[in-house]
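Everything on this sheet refers to the single structure shown next.
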Amino acid sequence: MAIGRTHELALVWGPTYEEMLHPGSVDPEIRARAAEALENDPLDAINLYNISWRDRHDQIRYFVVPKELTGVDANIVALYAVDFPTGSHKVGPTYSVTMEAQLNGEIRPGVHTLVFPSTGNYGIGGAWAGRRMGYDTVVVLPELMSQERFQLVESYGARYIKTPGCESSVKEIYDKCKELSRVPNTVVLNQFEAMANYRFHYYCTGNTVVELMEELKAQGTGKGYCSAFVSAMGSAGTIAAGDRVKQVFHGTKIVGLEPIQCPTLYANGYGDHDIQGIGDKHVTWIHNVRNMDALMCIDDMECKLGLQLLTDPAGVDFLVGGLGVRPEDAQKLSGIIGISGVCNLLGAIKTAKFYDMGPDDVVVTVFTDGIDRYRSVVADLAKRFGRLDAPEARKRHYGIFVKAGLDYIQEGTALNRARWHNLKYFTWVEQHGKSVEALNAQKSPSWWEDQQALVCEIDEKLRKVRLN
């Protein structure tokens, strides 16, 4: 693999974790330039300062899912990520992983080629962030990912390598990355083990959820308390937000999701599936599984058929005319949700049912990307199952959302948490050379607390180097 440059370039720095959480703390001149660039020059590096769950007016981007759709009394609220610079929140972890590596002197633009192993949005985020920070960038993706993913990687100026398989074929990605890592000056930034991924979501996503609770309470939604945080696991970065939420609201349930077709934690299982972005057939290093209260499995075809319902014009018309959803809500939902977002929504509905939650409860989840990168998937569904019409929309709403069942659920008992943790051994000790002592250390809550505490130290170090 050729190295794009052979001489060191100037370092590009972006926001601290605190600035990503509260972009209002960014220097006003930089903030103004970033806001303008988001609209007019999305490839300008100043857009690094647009990595946040908050918009240019410091408003949190969230969506209260209509109860006419969910069929449950609990309030289901989703942070949505389509307005991040790449259209997905994964750009936050990719920037954070790159920033920490650069801060530690492990990489330099013009010298190192960065490799981002991914099944989608992390790779897209890496293509964007890596190139904005001046690095020759390669993304390793399974060949069966949506065509939009490969197109986005190229549009950001990066290259991609296709590996055999689908969403769950991470072993093949690892094999390619191991090969690439032998090339001089090539650095693999692995989302599945990089704790900067965990830190972004613990600090930025988790604290955003905490702050959102008071805002919702003021509007009459919930009582200022998060009853559950629900997230599917790909790298298991997003679910780290639950660790922060539970520290503030001690009774919060952290609920993880994976595909029925690839029930890794649920049944030590394996298999192919198509909930793009999750279910990667191994337990990641950064997943604090001992803090998870329940695990639920979701069907991949229900997610795809549900996505077609929520985004197809006929489905949107049904939500409005058949269910009474406000037109503005139905229209907004159609643009801010992707396949894994439907998975998270179904998991939130199952969580509300399983824990018998009522109108005072708030279940928070995440819509990790939008329909823009799944048009080809929806087009394929139309070819296979025919165009969506009102009767089929009604049937899908009832069968997929209203009747979401309570099968494939495991609670976080002591035995299950130990088993989930022990599954890390086969990937990380046997295949990636981590020690048993390091794995055992993760059993202690203090190990995770030490990782969380590094946010302040990293922010201080970054503020100092930006002055030079």
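The values are calculated or read from the model by the stated rules, or taken from the named source; none is laboratory data. Computed from a predicted structure; not experimentally measured. Neighbour counts run over all protein chains shown; Cβ positions are idealised from the backbone, glycine included.
Considering (1) under 16 Å from the mean Cα position of the chain (by Cα); (2) within 25 Å of Phe401 (Cβ to Cβ), the lone condition that Leu305 does not fulfil carries the number (1).
Of all residues in the range 108-127, which are among the polar types (S, T, N, Q), under 21 Å from Glu179 (Cα atoms) and within 15 Å of the chain's Cα centre (by Cα)? Lay out the reasoning, then the answer.
Step one: of the range 108-127, the residues among the polar types (S, T, N, Q) are 113, 118-119, 121.
With under 21 Å from Glu179 (Cα atoms) added as a condition, the list becomes 113, 118-119.
Correct list: Ser118, Thr119.
You will find that of Met292, Met195, Met213, the residue that is touching a residue at least 40 places away in the same chain (Cβ under 8 Å), in contact with a Leu (Cβ under 9 Å, 6 or more places away or on another chain) and closer than 27 Å to Leu48 by Cα is Met195 and no other. Evaluating Ser231 against the criteria (1) more than 29 Å from Met213 (Cβ to Cβ); (2) modelled with pLDDT of 95 or more; (3) hydroxyl-bearing (Ser, Thr, Tyr) leaves one unmet condition, (1).
Among all residues of the range 139-150, there is none that is among the β-branched types (Val, Ile, Thr), in a loop (DSSP other than H, G, I, E, B) and crowded, with 24+ Cβ neighbours inside 10 Å.
Checking each residue in the range 26-43 for being under 18 Å from Arg466 (Cβ atoms), surrounded by 13 or more Cβ atoms within 10 Å (Cβ to Cβ) and not small (Gly, Ala, Ser) picks out Val26, Ile30, Arg31, Arg33. Each residue in the range 25-72 was checked for being of a type in the set (Gly, Ala, Ser), touching a residue at least 40 places away in the same chain (Cβ under 8 Å) and farther than 30 Å from His397 by Cα, and 2 pass. Contact map, the range 436-458: first residue without any contact (Cβ under 8 Å) to a residue 12 or more places away in the chain, second residue aromatic (Phe, Trp, Tyr) and assigned to a helix (DSSP H, G or I), Cβ cut-off under 7 Å, separation 6 or more or different chains; pairs are Ala441/Trp447. Counting residues in the range 302-314 that are more than 26 Å from Val377 (Cβ to Cβ) and of a type in the set (D, E, K, R) gives zero. Does at least one position in the range 198-221 carry a residue that is in contact with a Gly (Cβ under 8 Å, 6 or more places away or on another chain), surrounded by 24 or more Cβ atoms within 10 Å (Cβ to Cβ) and either at pLDDT below 95 or of a type in the set (Phe, Trp, Tyr) (or both)? Yes, that holds for at least one residue.
Return the only residue of Val320, Val342, Val378, Val364 being at pLDDT below 95, among the hydrophobic types (A, V, I, L, M, F, W, C) and outside any loop (DSSP other than H, G, I, E, B).
Details: Val320 fails: at pLDDT below 95; Val342 fails: at pLDDT below 95; Val364 fails: at pLDDT below 95.
Just one listed residue meets the conditions, Val378.
Scanning the range 182-192 finds one or more residues that are surrounded by fewer than 24 Cβ atoms within 10 Å (Cβ to Cβ), β-branched (Val, Ile, Thr) and not in a strand (DSSP E or B). Glu106 falls short on exactly one of the conditions (1) surrounded by 24 or more Cβ atoms within 10 Å (Cβ to Cβ); (2) more than 26 Å from Arg54 (Cα to Cα), and that condition is (1). Of everything in the range 44-74 that is basic (Lys, Arg) and at pLDDT 95 or above, the residue that is surrounded by the fewest Cβ atoms within 10 Å (Cβ to Cβ) is Lys67.
Here is a list: Asp329, Asp272. Which entry is in contact (Cβ under 8 Å) with a residue 40 or more places away in the chain, of a type in the set (Asp, Glu) and closer than 16 Å to Pro66 by Cα?
Working: Asp272 fails: closer than 16 Å to Pro66 by Cα.
So the residue among Asp329, Asp272 that is in contact (Cβ under 8 Å) with a residue 40 or more places away in the chain, of a type in the set (Asp, Glu) and closer than 16 Å to Pro66 by Cα is Asp329.
Restricting attention to the range 329-379, report how many residues are within 21 Å of Met301 (Cβ to Cβ) and not β-branched (Val, Ile, Thr). So the count comes out to 21. If you filter the range 388-429 down to residues that are exposed (fewer than 13 other Cβ atoms within 10 Å of the Cβ) and of a type in the set (Ser, Thr, Tyr), you find that the one that is farthest from Ser444 (Cα to Cα) is Tyr398.
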